[in-house]
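S.K.: One structure follows; several queries about it will come next.
The values are calculated or read from the model by the stated rules, or taken from the named source; none is laboratory data. Because the structure is a prediction, the values reported are computed rather than measured. Reconstructed Cβ throughout: ideal geometry from the backbone, glycine too, with neighbour counts over all protein chains shown.
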Number of protein chains: 2
Amino acid sequence: MTQTFYGQINPPARLLMGPGPVNAHPRVLRAMAADMLGQFDPEMTGYMNQTMDLYRQVFMTENRWTFLVDGTARAGIEASLVSLVEPGMTLLIVRAGRFGLLLSEIAQRSGAEITTLDIPWGEVATLEQIEDAILTHRPHVLACIHGDTSTTMAQPLDGVGALCRKYDVLSYVDTTATLGGMEVATDRWGVDVVSGGLQKCMGGPPGSAPVTISDRATEHIFARRHVEAGIRSSDMRDGTRARIPSNYLDLAMIMDYWSERRLNHHTEATSMLYAAREAACIVLEEGLQARFARHARASRAMCAGLRAMGLDLFGGDECRMTNVTGVCIPRGVDGEKVRARMREDFEIEIGSAFGPLQGRIWRIGAMGYNAEKSKVLLTLGALEAVLRGEGHAFAAGAGVDAALATYRKE
Amino acid sequence: MTQTFYGQINPPARLLMGPGPVNAHPRVLRAMAADMLGQFDPEMTGYMNQTMDLYRQVFMTENRWTFLVDGTARAGIEASLVSLVEPGMTLLIVRAGRFGLLLSEIAQRSGAEITTLDIPWGEVATLEQIEDAILTHRPHVLACIHGDTSTTMAQPLDGVGALCRKYDVLSYVDTTATLGGMEVATDRWGVDVVSGGLQKCMGGPPGSAPVTISDRATEHIFARRHVEAGIRSSDMRDGTRARIPSNYLDLAMIMDYWSERRLNHHTEATSMLYAAREAACIVLEEGLQARFARHARASRAMCAGLRAMGLDLFGGDECRMTNVTGVCIPRGVDGEKVRARMREDFEIEIGSAFGPLQGRIWRIGAMGYNAEKSKVLLTLGALEAVLRGEGHAFAAGAGVDAALATYRKE
């Protein structure tokens, strides 16, 4: 076998202004340089308990069960769905983009009957539509995406929890793309299980999925509890309902691991725990409301700048996510060439799109550490230069000036 | 809601001499301080390709499909089992400890018929026993653990692949506790799927699971391939066999993501990828054989030192893992009190045990960055002091001197 050596990790200093992952906050990167601890070391379990407390605040909830799933955001989604939904149950999925479709993909493997409320890409569901769909399908569980980055639209969720409780439906919301950037009001929404990720507005690396679970969902999930033969003791009893079909993504087992009993399950991903904890500290030190306002300001400036360059935005303003913006690629412009020029000449990444929007829109983000004036302005300035080179006609400087004006007005 | 602030991550400098996680190599911790890249950025996919190449060398294989599963070692086990084993298939599990039982726990949820070859804790299976069990149960897949840290025994695997191929059985081996510390000779063993972890002999943090897959297992897994609706294009076809029951842990989808097609699946956990890449670089720069020899030397010294202190070791010497040693807790000594004194007075962690061995043995590791003379000697010296305090009778200094003598002889 040939032995090959590679040099040190030395990524170019890219400014990541796509739909995520985005640049991590330097404090988060530094936190990951701390060394390991044993998984049941009191210092380690102390950090785990602090992390639970911090994410309660981030998720705006009093839920006791608020912790991390050790995988990327998708692991959090799958853990939530397979732990909530039993074979034979009916699941209603609100689908208004690629990530709504992903919920179907993941749930299809759970043995549930899947029904959907399909909304055109670029729109969101109304409360009335959701109520009608619940009445039509009589689901046991409702699942939806808060911010679907594929369309850059955010589903309003006030009232959804109450609606679900009225019809005795458990609810799940994915907030991967919004947690720490837009309001994720778990308790006010009244929803049962919410999961997120670190690599977008939380300003951390991908690889850890914070999850929060209401008491009534906890009861449902613990009714499916199973204790492993290798660690079972005589006082432990399994639940009475169908066992959760994954071991790694079994939220009952993960809760037992995060509980005072500390039942061995996976070995907590120490460095990612440090990252998640530090990311939450940064979010809460800034303050949730200040942070949401910072994202919203960056979004207004970005939108104003893009429009001043003669670009159309995708979707309506009313439900636009405040951390990523869909921009229609002008006729005659090669979207991928623009992205390559942005990356190669300016070291700035903007996003392409999925499925029906591929080749039609770019997705430009301003998330977490990057939801900030200078980065919005630098991105617009670079995009101006690239679009000038591609023959797109607009007044030079208009984008940057409009964004600057927006910031000055506020 | 009360807002609580916490200070910086500042773990005590513990010397982790248990069964893992152990201290990470400082270079691995530094590598994680590098900032994010977009997931399809050519620099990022370049790092992914390098990582595949590095782990081929670590797994001692030519397997094209050698990559990371984004979760802890347990995620790699579950991904391997649910991707290999279809509902209705027969799986034969060699169980000789807690992690053998874990394979059953994970596989029970796959819909397979599970048969077992049960070996007393502290022993390993012979080739004859494995062949007999294959003839009795006629399994489609055989699964076993290489080094089961619960018993500190390593299952010999030379000949197992040939045996499996003779009876047309696919094979899976978990090497979480041995990869990078004992020989994991994937191709020489002739086994099909091997998974590992970073947090033991690889000297990295938990949270990433390297996996390697033979061509014949790849063919079997791709026959279960499914492309998601949100990213499917007209040239893509699903496989003909039963879909893999997890989305996040679907190795076919993960391979499509790591392939040149880069089909969107999860977002690769960037920092953990950096850690996995750096850990493999360190392993290969030292050289696999030198590294295995370093672990074996540390093990011989540790065993000699422990025996010189009048302690009995658990299990036979012949199949003892060279990176973790089971030590019988002497009569009249409180094992947990000793562990607490080691931690509180010396900042050294040694491990407790699972199931039938709980309270009967300690597990003392010397793994990865910690498989090293000074750390073996410091651990033995500390254990001497603690055991003197507990009234265990032995000649003071005997443990350290015996270990030193072992190192000097070699």
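S.K.: Return yes when A:L288 is within 18 Å of the chain's Cα centre (by Cα) and more than 7 Å from chain B (Cβ to nearest Cβ) and no when it is not. Walk me through it before giving the result.
M.R.: Details: within 18 Å of the chain's Cα centre (by Cα): yes; more than 7 Å from chain B (Cβ to nearest Cβ): yes.
Spelling it out, A:L288 is indeed within 18 Å of the chain's Cα centre (by Cα) and more than 7 Å from chain B (Cβ to nearest Cβ).
S.K.: Give the stretch A:147-172 a look and list any residue that's touching a residue at least 24 places away in the same chain (Cβ under 8 Å), of a type in the set (D, E, K, R), surrounded by fewer than 19 Cβ atoms within 10 Å (Cβ to Cβ) and not in a helix (DSSP H, G or I), or say none.
M.R.: Across the stretch A:147-172, the qualifying residue is only A:D158.
S.K.: When residues of the stretch A:16-31 are filtered for being assigned to a loop (DSSP other than H, G, I, E, B) and either of a type in the set (F, W, Y) or more than 8 Å from every other protein chain (Cβ to nearest Cβ) (or both), how many remain?
M.R.: Counting residues in the stretch A:16-31 that are assigned to a loop (DSSP other than H, G, I, E, B) and either of a type in the set (F, W, Y) or more than 8 Å from every other protein chain (Cβ to nearest Cβ) (or both) gives 3.
S.K.: Out of A:A280, A:A242, A:A252, report the one residue that is among the small types (G, A, S) and in contact with a strand residue (DSSP E or B) (Cβ under 9 Å, 6 or more places away or on another chain).
M.R.: A:A280
S.K.: Would the stretch A:53-61 turn up any residue that is at the interface with another protein chain (Cβ under 7 Å from one of its Cβ atoms) and closer than 30 Å to A:E347 by Cβ?
M.R.: no
S.K.: Got at least one residue in the stretch B:61-77 being in contact (Cβ under 8 Å) with a residue 40 or more places away in the chain and in contact with a Cys (Cβ under 6 Å, 6 or more places away or on another chain)?
M.R.: The answer is no, given that none of the residues of the stretch B:61-77 is in contact (Cβ under 8 Å) with a residue 40 or more places away in the chain and in contact with a Cys (Cβ under 6 Å, 6 or more places away or on another chain).
S.K.: Shifting gears a bit: Looking only at the stretch B:359-385, how many residues end up being in a helix (DSSP H, G or I) and closer than 12 Å to B:N23 by Cα?
M.R.: Here the count works out to 4.
S.K.: Kindly check whether there is at least one residue in the stretch B:234-245 that is under 19 Å from the mean Cα position of the chain (by Cα) and of a type outside the set (G, A, S).
M.R.: Within the stretch B:234-245 (the criterion being under 19 Å from the mean Cα position of the chain (by Cα) and of a type outside the set (G, A, S)), the answer is no, since none of the residues qualifies.
S.K.: Evaluate the following for A:D312: is it surrounded by fewer than 16 Cβ atoms within 10 Å (Cβ to Cβ), under 25 Å from the mean Cα position of the chain (by Cα) and closer than 15 Å to A:T151 by Cα?
M.R.: Details: surrounded by fewer than 16 Cβ atoms within 10 Å (Cβ to Cβ): yes; under 25 Å from the mean Cα position of the chain (by Cα): no; closer than 15 Å to A:T151 by Cα: yes.
No; evaluated as a whole, the condition is false for this residue.
S.K.: Kindly check whether there is at least one residue in the stretch A:205-214 that is in contact with a strand residue (DSSP E or B) (Cβ under 7 Å, 6 or more places away or on another chain), closer than 30 Å to A:G18 by Cα and part of a loop (DSSP other than H, G, I, E, B).
M.R.: Checked the stretch A:205-214: at least one residue is in contact with a strand residue (DSSP E or B) (Cβ under 7 Å, 6 or more places away or on another chain), closer than 30 Å to A:G18 by Cα and part of a loop (DSSP other than H, G, I, E, B).
S.K.: Quick test for you: out of B:L101, B:L92, B:L84, pick the one residue that is in contact with a strand residue (DSSP E or B) (Cβ under 7 Å, 6 or more places away or on another chain) and more than 26 Å from A:A75 (Cβ to Cβ). Break it down into steps so the answer makes sense when it comes.
M.R.: Details: B:L101 fails: more than 26 Å from A:A75 (Cβ to Cβ); B:L84 fails: more than 26 Å from A:A75 (Cβ to Cβ).
Answer to the check: B:L92.
S.K.: What is the number of the single condition among (1) more than 30 Å from B:L103 (Cβ to Cβ); (2) assigned to a loop (DSSP other than H, G, I, E, B) that A:R243 does not meet?
M.R.: The failed condition is (1).
S.K.: Testing B:A34 on (1) more than 7 Å from chain A (Cβ to nearest Cβ); (2) at pLDDT 95 or above, one condition comes back false. Which one is that?
M.R.: In the conditions (1) more than 7 Å from chain A (Cβ to nearest Cβ); (2) at pLDDT 95 or above, B:A34 misses (1) alone.
S.K.: Only one of (1) in contact (Cβ under 8 Å) with a residue 40 or more places away in the chain; (2) assigned to a helix (DSSP H, G or I) fails for A:C144. Which number is that?
M.R.: Checking A:C144 against (1) in contact (Cβ under 8 Å) with a residue 40 or more places away in the chain; (2) assigned to a helix (DSSP H, G or I), the one that fails is (2).
S.K.: Looking at the stretch A:210-247, which of its residues are touching a residue at least 40 places away in the same chain (Cβ under 8 Å) and at the interface with chain B (Cβ under 10 Å from one of its Cβ atoms)?
M.R.: Passing the criteria: A:I244, A:P245, A:S246.
S.K.: Can you tell me which residues in the stretch B:258-275 are closer than 23 Å to B:Y172 by Cβ, within 11 Å of another protein chain (Cβ to nearest Cβ) and outside any loop (DSSP other than H, G, I, E, B)?
M.R.: Result: B:M272, single match.
S.K.: Are there helices (runs of 4 or more DSSP H) fully within the stretch A:66-138 with at least 3 residues that are closer than 26 Å to B:L251 by Cα and within 11 Å of chain B (Cβ to nearest Cβ)? List them. Spell out the reasoning first.
M.R.: Values: elements: A:73-84, A:98-108, A:127-137.
The helices (runs of 4 or more DSSP H) meeting that bar are A:73-84, A:98-108.
S.K.: Can you say whether A:P139 is crowded, with 18+ Cβ neighbours inside 10 Å and in contact (Cβ under 8 Å) with a residue 24 or more places away in the chain, as far as the supplied structure shows?
M.R.: yes
S.K.: While we're here: Among A:M202, A:M182, which is within 13 Å of chain B (Cβ to nearest Cβ) and either closer than 19 Å to A:A79 by Cβ or in contact with a helix residue (DSSP H, G or I) (Cβ under 8 Å, 6 or more places away or on another chain) (or both)?
M.R.: Testing whether each residue is within 13 Å of chain B (Cβ to nearest Cβ) and either closer than 19 Å to A:A79 by Cβ or in contact with a helix residue (DSSP H, G or I) (Cβ under 8 Å, 6 or more places away or on another chain) (or both) leaves just A:M202.
S.K.: Working only within the stretch A:323-358, note down all residues that are touching a helix residue (DSSP H, G or I) at 6+ places or on another chain (Cβ under 7 Å), of a type in the set (A, V, I, L, M) and not in a loop (DSSP other than H, G, I, E, B).
M.R.: A:V327, A:V338, A:M342, A:I348
S.K.: Working carefully through the options B:T61, B:T51, B:T72, find the one that is modelled with pLDDT of 95 or more, polar (S, T, N, Q) and surrounded by fewer than 24 Cβ atoms within 10 Å (Cβ to Cβ).
M.R.: B:T61
S.K.: Here is a follow-up. When the stretch B:276-322 is examined, which residues are found to be outside any helix (DSSP H, G or I), on the phi < 0 side of the Ramachandran plot and in contact with an Asp or Glu (Cβ under 9 Å, 6 or more places away or on another chain)?
M.R.: B:M309, B:G316, B:C319, B:M321
S.K.: Among the listed residues B:R343, B:R339, identify the single one that is without any contact (Cβ under 8 Å) to a residue 24 or more places away in the chain and of a type in the set (K, R).
M.R.: Values: B:R343 fails: without any contact (Cβ under 8 Å) to a residue 24 or more places away in the chain.
Unique residue meeting the criteria: B:R339.
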